[in-house]
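Below is one structure, written out as structure tokens, with a few remarks after it.
Read-outs throughout are calculated quantities, based only on the coordinates presented, and are distinct from any laboratory measurement. What you see is a predicted model, and the numbers here were worked out from it, not measured in a lab. Cβ atoms come from the backbone with ideal geometry, glycine included; neighbour counts cover every protein chain shown.
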Amino acid sequence: MFSNVNKLDEQTRRLFMANVAKATFGVSFLPIFAQGAFAATPTPVPAKETADDRYHERRSKPAKHLIYLYMSGGMSHIDTLDPKPGSSSQGPFKAINSAADGIQMGEHLPLLAKQMKHGAIIRSLNSNVGAHEQASYYMRTSFAARNTVRHPSMAAWLNYFQSTGKESLPGGIMVNGGGQHPLSGFLESKFAPLPIGDPKAGLKNSAPPAGIDMKEMGNRIDVLSQLNKQFYSKFHQKAMRAHQDMYTDAVKLMSSKDLEAFDITKEPEDIKKSYGDNAFGEGCLLARRLLEKGVRCVDITLGGWDTHDDNFDKLEEKLPILDQGFSALVSDLEKKGMLNDTLICLTGDFGRSPHINNTNGRDHYPKAFSSLLMGGGLKGGMAYGKTNADGTEVAEGKIGVPDLNATIAYGLGLALDKVVTSPDGRPFTVADKGKPLAELFKA
């Protein structure tokens with residue numbers, strides 16, 4: 001039956017094997033791993049020496065976890081992290097003082113403003129990518145989207161560098177994410193974040209089919225291994241072996257006691273209330289529970305920031321959701337002694353125009369925008385870079401998207417100069433040519 005599989009094109013072969021395996025073994029939740037499941041194994045090569053050691057030194061005490069809060073659609077820097085009181089670009093929202101001297105934030109982020117002793121606002125981001133899909137890909141990977149290669153997300157890089165292979169839960173989880181997420185890129189599928197739709201529903205379909213226990217599931221995996229043994233030895237298909245590994249990992253997950261981490265209903269009512277009764281707040285709560293069980297990266301998306309029309313009315317609804325969920329997460333991690341080991345990044349596609357358009361909205365604006373980092377051993381209470389008086393230009397400390405990702409990677413102790421070769425033979429590093437803002441961290 002499998003004699004002609006190697007002749008099929010890659011996409012057809014993926015679909016064929018996924019359907020055969022699902023029909024044979026009955027594990028219904030596994031297709032969520034399908035994207036990237038057949039990527040060839042990358043080949044690591046020795047790190048290249050550079051003339052500037054400052055940008056390639058490793059942190060002595062890096063953060064262990066990453067929580068990546070992605071504001072899909074592009075968040076206005078003027079209305080959130082870089083207000084311009086007295087300028088016509090400010091609009092109806094006021095600026096408020098934060099807990100950090102001299103740093104103001106938008107009035108609808110009062111709880112986060114109180115947390116600024118843990119944070120560093122980066123106000124000097126600049127990009128030349130102004131379309132949503134391309135900008136989202138660029139922000140998550142540091143590379144422009146190409147038809148010839150798919151680049152890894154930060155979650156995948158973190159798992160690639162730090163996975164031990166002994167974890168009972170996936171190294172990365174993606175909450176409320178869309179189908180455009182780059183996942184593991186050209187890295188193996190086991191490094192991709194596991195998608196979760198509704199954080200309140202937990203990990204769906206994570207039990208064996210009715211009438212089949214874990215012992216029987218193990219037996220089925222053994223049978224699959226024996227059936228494929230001769231095929232693998234003949235065709236040396238790493239892609240096929242990756243598919244079998246996917247099922248093996250899924251069975252291991254099914255039998256893990258740590259699955260209870262996905263059940264946020266076990267949290268006390270006051271804790272659940274503090275995060276907010278919405279998918280974003282529940283995603284933040286789920287992130288804290290997963291980190292307690294050793295998950296390295298949780299990627300949470302909050303959509304609805306593409307405010308070409310009625311920007312201020314929409315943000316009056318959106319910003320309190322962000323403020324409550326994010327600030328509760330910071331407070332909770334601090335109380336549990338986990339904040340110093342957890343780097344939180346708030347970012348999005350790009351910024352939005354300082355100029356208010358005819359429909360009371362703000363349009364795409366990659367020329368100048370902001371991101372916020374919290375925890376992770378940051379010095380805290382600071383802002384890096386600045387824009388001009390009306391927020392239209394970066395005035396000091398201009399950095400690009402790869403620099404932001406290099407800063408995240410540096411905070412996590414990843415080797416910025418480690419070169420990994422893609423299956424087509426091209427060399428890549430975790431943040432392309434980005435240079436980290438090492439001065440934001442204590443050590």
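Pulled fully out, how much extra length does the chain show between D258 and E393, if you take 0.36 nm times their separation in residues and subtract their Cα-Cα distance?
43.8 nm
Could you compute the FRET efficiency for E316 and A144, with r as their C-beta to C-beta distance and R0 at 41 Å, rounded to 0.05?
With R0 = 41 Å, the Cβ-Cβ based efficiency is 0.70.
What order, most packed first, do the peptides 123-135, 153-165 have when packing is the mean number of other Cβ atoms within 10 Å of each residue?
153-165, 123-135
For E57 and A443, compute 0.36 nm times the residue count separating them, minus their Cα-Cα distance, and round to one decimal in nm.
The E57-A443 span can extend by a further 137.9 nm.
Which order results if F262, F326, F231 are arranged by neighbouring Cβ count within 10 Å, fewest first?
Least to most surrounded, the residues fall as F231, F262, F326.
According to a simple spin-label model (label point 7 Å from Cα along Cα-to-Cβ), what is the distance in nm between T359 and S163?
It works out to 4.3 nm between the two label points.
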